[in-house]
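First up is the structure itself, then whatever we jot down about it.
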Amino acid sequence: MADKKAQLIIEGAAPVELPVLSGTVGPDVIDVRGLTSTGRFTFDPGFMSTASCESKITYIDGDKGILLHRGYPIEQLAEHSDYLETCYLLLNGELPTAEQKSKFFETIKNHTMVHEQLKSFLNGFRRDSHPMAIMVGIVGALSAFYHDSLDINNPKHREVSAHRLVAKMPTIAAMVYKYSMGQPIMYPRNDLNYAENFLHMMFNTPAEIKPISPVLAKAMDRIFILHADHEQNASTSTVRLAGSSGANPFACIAAGIAALWGPAHGGANEAVLTMLEEIGSVENIEKFVAKAKDKNDPFKLMGFGHRVYKNFDPRAKVMKQTCDEVLAELGINDPQLELAMKLEEIARNDPYFVERNLYPNVDFYSGIILKAIGIPTSMFTVIFALARTVGWISHWKEMLSGPYKIGRPRQLYTGYAQRDYNPLDKR
Ligand code: SDX
């Protein structure tokens, strides 16, 4: 992959030659590992221009608005695939044959229940806790229940942990919701598909088992697909960093959930609905757009902008189409959708947003669909974490399947140079 060279010339020092590496597609990278011999480091807070690893899982072209999972465009997966098949693709690198697909579905189905004692663990939380606070706690605690698959150097253990996490996240997410509602927890059912099962565990009760709407199940499954993976975003990078220390997979995914929670990342879907509620009506849009442009105001248009996409987030386009389909199918005329569309139109015609290539991202419309499905705003990031678990664990598996080193960045130190201790009576 290294057929070009870069030369680093530092005043008063010998030039340093660095290999330039090329991937299958996308930008070349300058391999700076040889810099250690110069005693210097690169400096890149926020990793704006740093590739942290080599990966074969997902490719994003931010300028063209392209997102590929193992080479397949997200639009085609959203249209023709389903979430569990996309999980198989992300985990294994290829779309499954009919036999592989049915075996994988069966395997996941047989892992959907959680240890019964997790219910008492749940009881330790306040019922009004934020669902993400409980998710972080429960997923982190899974290593206390499934300690038979924690040898990260054993491929079989890595595989069973991956299957357990993909299978159990919907069960745990629904448990968290039921707990907040004071309703009995619903057990998974093996006669339902992944999305139907999740909606069953979320909205059915022992008193009444209603059939799951195929429209809502399809919309839920598509939302899962759209959130499945997104290369080296903040939470995935967190999972890789935690995994590089040898931490068990459940601890690594809990770290990813924690990182996802922030409003600049996965917490944005919840923040979009809060923002739309705060804007309230079309008349107030201009005021909020002005706030978003005001450098002295911390307010940002939630669901807008992206570190990589400087064009439309392809997921946002599919999400918007799904939004239209679901609302039409349910006969819902959600004023917040009109408000969101008007906000997008105004922002997309404002020079501030155009000059900065700020477009709606995956979080801008997702909340409107989730609300139409009946999911409360506080659960939106839990849904994101549920769907992204397969991406996190795929990157974790990829890293552990080859040579890797513990992640340990350096720093530019600008604190005090060495100085002697100052006795108390001299201060
Ligand atoms: C996700 O990385 C991923 O792939 C994440 C994700 C995934 O699938 O894993 O795609 C999921 O996290 C989507 C993003 C969800 N977050 C939001 O919607 C929150 C609102 N967006 C912003 O916070 C921001 O756009 C980020 C965090 C998403 C990106 O921030 P960057 O890349 O650090 O860019 P920046 O903050 O430096 O912004 C560049 C300029 C700045 O203005 P100037 O300093 O150049 O004058 O654009 C401005 C920013 O102030 N800007 C915004 C803005 N986003 C950027 N101004 C107003 N509203 C916004 N939303």
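The values are calculated or read from the model by the stated rules, or taken from the named source; none is laboratory data. On a predicted model such as this, the values are computed, not experimentally measured, just so you know. FYI the Cβ positions are ideal-geometry reconstructions off the backbone, even for glycines, and counts take in every protein chain you see. These area figures cover heavy atoms from the full protein model, side chains too; ligands, DNA and RNA do not enter into them. Shrake-Rupley method; radii C 1.70, N 1.55, O 1.52, S 1.80 Å.
Hey, Asn92 hits all of (1) open to solvent by 50 Å² or more (accessible area, probe 1.4 Å); (2) over 22 Å from Val160 (Cβ atoms) but one; which does it fall short on?
Condition not satisfied by Asn92: (2).
Within the stretch 37-45, identify whether any single residue is more than 19 Å from Arg222 (Cβ to Cβ), open to solvent by 50 Å² or more (accessible area, probe 1.4 Å), of a type in the set (Phe, Trp, Tyr) and within 16 Å of the ligand (Cβ to nearest atom), and answer yes or no.
No: zero hits.
Which one of these does Arg189 not meet: (1) within 16 Å of the ligand (Cβ to nearest atom); (2) in a loop (DSSP other than H, G, I, E, B)?
Against the list (1) within 16 Å of the ligand (Cβ to nearest atom); (2) in a loop (DSSP other than H, G, I, E, B), Arg189 comes up short only on (1).
Restricting to the stretch 213-234, name every residue that is in contact with a helix residue (DSSP H, G or I) (Cβ under 6 Å, 6 or more places away or on another chain) and open to solvent by 40 Å² or more (accessible area, probe 1.4 Å).
Those that are in contact with a helix residue (DSSP H, G or I) (Cβ under 6 Å, 6 or more places away or on another chain) and open to solvent by 40 Å² or more (accessible area, probe 1.4 Å): Val215, Ala234.
How many residues, within the stretch 141-155, are open to solvent by 30 Å² or more (accessible area, probe 1.4 Å) and not hydrophobic (A, V, I, L, M, F, W, C)?
So the answer is 6.
For residues that are open to solvent by 60 Å² or more (accessible area, probe 1.4 Å) and either touching a strand residue (DSSP E or B) at 6+ places or on another chain (Cβ under 8 Å) or near the ligand (Cβ under 9 Å from one of its atoms) (or both), tally how many sit in the stretch 294-311.
3
Among the candidates Ala14, Ala51, which residue alone is within 29 Å of the chain's Cα centre (by Cα) and either surrounded by fewer than 16 Cβ atoms within 10 Å (Cβ to Cβ) or within 28 Å of Tyr359 (Cβ to Cβ) (or both)?
Ala51
Conditions tested, residue by residue: (1) open to solvent by 10 Å² or more (accessible area, probe 1.4 Å); (2) polar (S, T, N, Q); (3) in a loop (DSSP other than H, G, I, E, B).
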| site | (1), (2), (3) |
| --- | --- |
| Met113 | yes, no, yes |
| Asp128 | yes, no, yes |
| Arg164 | yes, no, no |
| Met169 | no, no, no |
| Gln183 | yes, yes, yes |
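Among the residues that make up the stretch 332-344, is at least one of them crowded, with 22+ Cβ neighbours inside 10 Å and within 29 Å of Ile257 (Cα to Cα)?
Checking the stretch 332-344: at least one residue is crowded, with 22+ Cβ neighbours inside 10 Å and within 29 Å of Ile257 (Cα to Cα).
Could you run through the stretch 64-107 and say how many residues are in a loop (DSSP other than H, G, I, E, B) and within 14 Å of the ligand (Cβ to nearest atom)?
Final tally of qualifying residues: 1.
Can Pro351 be described as of a type outside the set (Ser, Thr, Tyr) and closer than 14 Å to Leu273 by Cα?
Considered against the rule, which asks whether it is of a type outside the set (Ser, Thr, Tyr) and closer than 14 Å to Leu273 by Cα, Pro351 comes out as no.
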